[in-house]
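Encoded as C-alpha cells, the structure appears first; notes follow it.
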Amino acid sequence: MTSFTTHLECSRCQEDFPLEQIQQVCKSDGGPLLVRYDLRRVRDSIMSEALRKRPETLWRYRELLPMSGEDSVSLGEAMTPLNVAPRLGAELDIPGLLIKDEGLLPTGTFKARGAAVGVTRAAELGVKTLALPTAGNAGAAWAAYGARAGIRVVVVMPETTPDVIIRETSAYGADVYLVAGSIANAGALVKKACAARGWYDASTLREPYRIEGKKTMGFELAEQLGWRLPDVIVYPTGGGVGLIGMWKAFDELRAIAWLDQKPTRFVVVQAEGCAPIVRAFLDGRPESEPWSDPRTFAAGIRVPKALGDFIVLKALRETRGTAVAVTEVEIADSMRSVGVAEGMLVCPEGGAAIAGTAKLRRDGWIREDEEVVIFNTGTGLKYAEFLQGEGARHLAANGLPDE
C-alpha cells in the first residue's frame, strides 16, 4: 500500500518529527503531534468516486490514514448511520436535525475508531505493552484492539467508572487498575509508569494516531451528506480528540478538492460539573484551567484538563462556534427524550449533546432553518443504571389494560 504520510508536526511550535520512530509528544514544548500528508499527491492519486467500490468501513479512507503497510488491526469498523430525527427535531424546533450514532461500532463507542488506527500503528512500530488512563470507554476499546493485535494493555481508571466498562475492559484481557480521583489522577500514574518501564503511552493526544482514527467521523459525515457539511456540528467534549480530528479531516478534504468551502460551526458541550473548555471559551482564554472536583455521570466528558484544549478552543473560534454546559437533569431527560422520540438509546455524553442543542436553539444561537448534526458517541446499553424509564408493570389478573 502506498503511504502518503510525510512527517509528524507539533501542534504548538510546528517542529517536525519522523514517522519511523515511536513518538509521544513534542520534545520541545510537550505539544500533541499531528500526522501530516502529501495532500497534493493524495489529490492526484484518487477521486472520491473510487470510494464506491470499497467496503463501507473507516479503512476506505486509507490514503488519509497513517498505516505504512497493508495490514490493519480491525474488528469490523462499519460506517455509522446518520439518522434523520424528525420527532426529536420537532420537539427542539430544529426540522433539519440529524444524529450520527457511533454506538454501533465495535465495543459500542466511537473510541473504536481511535483504537483501531492507534493500535495498528503501535503494532507497526513494534510496541509490546501500552498503557492509558480512561474516564470511560477508551480503555475498553484499546483493550479490545490490543487483544486483537497481541499487545499487552494496561488501563488505569477512576474508581467511579461505570462497573460494566470496568468488567468489559477486563474481559479483553487488559490489566485494569482503579484509583481514587479523576482521570487526571489516573493519567499521572500512567505517565510515571510509562517513563519508568518503557511502555508506550497511549493517553489522549500523547500518541499521534488516535486522532487519525477519530477524524474518520468527519470523512464519513461529509461523504454521507454528499461531500458537504451541515451548518452546525454538536459534539460532547472531554479530551476533544474527535472534534480536533473532524476539524483536521475537513481541512484535508478541502485540500484534495473533495469538499467545498462552506463552513460548519462546531459546538462543544460539557457538563456543568466539569466544564473547563466552556469556561475558557466564555472567558476568552486560549486554554483552560484544571477543573477542581469534576462531577458528572457522563463519565466520558469528566475530564478536568484536556491536553489538546487549546486546539479545541482554536477550532471553535475559527469556525464561529460556541461552547455550552448542561445540567445532570438535562442530560438524563435528553437521554429519555431521544429514546422515546426516535428509538435510539444514547449514552450520557450523547444526552449532553442533545441537551446542549436544545439550549442553543432556545437561545436563538441555532436557527430553525439550520441543519444540525449531533454526535452520539456511544450506546446507552453501557449505562443501564442511568436510563430514565418507568420500567415494566405486572399484568393484572384480567390481562392487558384497554387503553
Q | Scattering curve values for the chain, log₁₀ I(q)/I(0), Debye with Cα scatterers, q = 0.11 Å⁻¹ | A | -0.76
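Charges only on Cβ, +1 for Lys and Arg, -1 for Asp and Glu: so what's the dipole of the chain about the Cα centre, in debye to the nearest 20? Before the final figure, lay out each step's value.
On the way: 47 positive and 52 negative charges, 201 e Å.
In total the dipole reaches around 960 debye.
Decide, for the range 31-163, between rounded, prolate and oblate: order the square roots of the alpha carbon gyration tensor eigenvalues as a ≥ b ≥ c, take rounded if a/c falls under 1.5, and otherwise choose prolate if a/b is larger than b/c, else oblate. Intermediate values should be presented prior to the final figure.
Details: a/c = 2.09, a/b = 1.10, b/c = 1.91.
Judged from the Cα gyration tensor, the range 31-163 comes out oblate (a/c at least 1.5, b/c at or above a/b).
Dipole of the range 237-301, Cα-centred, from +1 at each Lys and Arg C-beta and -1 at each Asp and Glu C-beta, to the nearest 20 debye?
Numbers: 7 positive and 8 negative charges, 35 e Å.
Computed about the Cα centre, the dipole is about 160 debye.
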Q) Y37's amide H: which non-local residues (gap 5+, or another chain) put their own amide H closer than 5 Å, with H modeled 1.01 Å from N in plane and none for Pro or chain starts? A) T6
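Based on Cα coordinates alone, diagonalise the gyration tensor for the range 95-163, multiply each eigenvalue by 5, take square roots, and list the semi-axes in whole Å, largest first. Show your work: numbers first, answer last.
Details: eigenvalues 121, 55, 14 Å².
The answer is 25, 17, 8 Å, longest axis first.
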**Q.** Amide hydrogen neighbours beyond the local backbone of Y177, cut-off 5 Å, H modeled
**A.** V155, V156, M157
Q: Highest first, please rank the peptides 83-94, 323-334 by the mean number of other Cβ atoms sitting within 10 Å of their residues.
A: 323-334, 83-94
Q.
Just to check, using Stokes-Einstein with a Kirkwood Rh over alpha carbon pairs, what's the diffusion coefficient of the range 201-352 at 10 °C and 1.306 mPa s in µm²/s?
A. 99
Q: With both partners inside the chain, how many of the DSSP beta bridges are antiparallel, as a percent to the nearest 5?
A: 35
**Q.** Cα Rg, Dmax (largest Cα-Cα span) when computed across the range 274-389, Å
**A.** 14.6, 41
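Can you sort K214, K305 by 1.4 Å-probe accessible area, starting with the largest? Intermediate results must be reported in sequence, preceding the final value.
Details: K214 5, K305 75 Å².
My answer, sorted largest first, is K305, K214.
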Q.
Quick check on the range 125-230: what are the equivalent-ellipsoid semi-axes from the Cα gyration tensor, as sqrt(5λ), descending, whole Å?
A. 27, 16, 14
Q.
Give me, ordered by chain and number, the residues 5 or more places off C274 or on other chains with an amide H under 5 Å from its own placed amide H.
A. R295
Q) For the range 207-274, what is the Kirkwood estimate of the hydrodynamic radius, computed as the reciprocal of the mean inverse distance between distinct Cα atoms, to one decimal in Å? A) 12.5
(Q) For the ranges 254-263, 66-75, 352-361, what's the packing order if you count other beta-carbon atoms within 10 Å of each residue, average per peptide, and put the highest first? (A) 352-361, 66-75, 254-263
**Q.** Separation of alpha-carbon centers, the range 259-323 and the range 223-243, rounded to whole Å
**A.** 14
**Q.** Rounded to whole Hz, the Karplus (6.51, -1.76, 1.60) HN-Hα couplings of the range 5-18, x for glycine and proline
**A.** 5, 10, 5, 9, 10, 5, 6, 9, 9, 6, 5, 8, 9, x
(Q) As a test of the formula, what do you get for the chain when each DSSP H run with n ≥ 4 contributes -39,500 (n - 2.57) and the sum is divided by the residue count, at 222 nm and rounded to the nearest 500 deg cm²/dmol? (A) -10500 deg cm²/dmol
Q: Per residue of the range 239-248, in order, report the coupling 6.51 cos²θ - 1.76 cosθ + 1.60 (Karplus, θ = phi - 60°) as ³J(HN,Hα) in whole Hz, putting x for Gly and Pro.
A: x, x, 5, x, 5, 4, x, 5, 4, 5
Q) Tell me, what HN-Hα J-couplings in whole Hz come from the Karplus equation 6.51 cos²θ - 1.76 cosθ + 1.60 at θ = phi - 60° for each residue of the range 48-61, using x for Gly and Pro? A) 4, 4, 5, 5, 4, 8, 9, x, 7, 10, 5, 6, 5, 9
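The values are calculated or read from the model by the stated rules, or taken from the named source; none is laboratory data. These numbers were taken from a predicted model, which means no experiment stands behind them. Every residue, glycine as well, gets a Cβ built from its backbone with ideal geometry; the counts of neighbours run over all protein chains shown. To get the accessible areas, we keep the full protein, side chains included, count just its heavy atoms, and leave off ligands, DNA and RNA. Shrake-Rupley method; radii C 1.70, N 1.55, O 1.52, S 1.80 Å.
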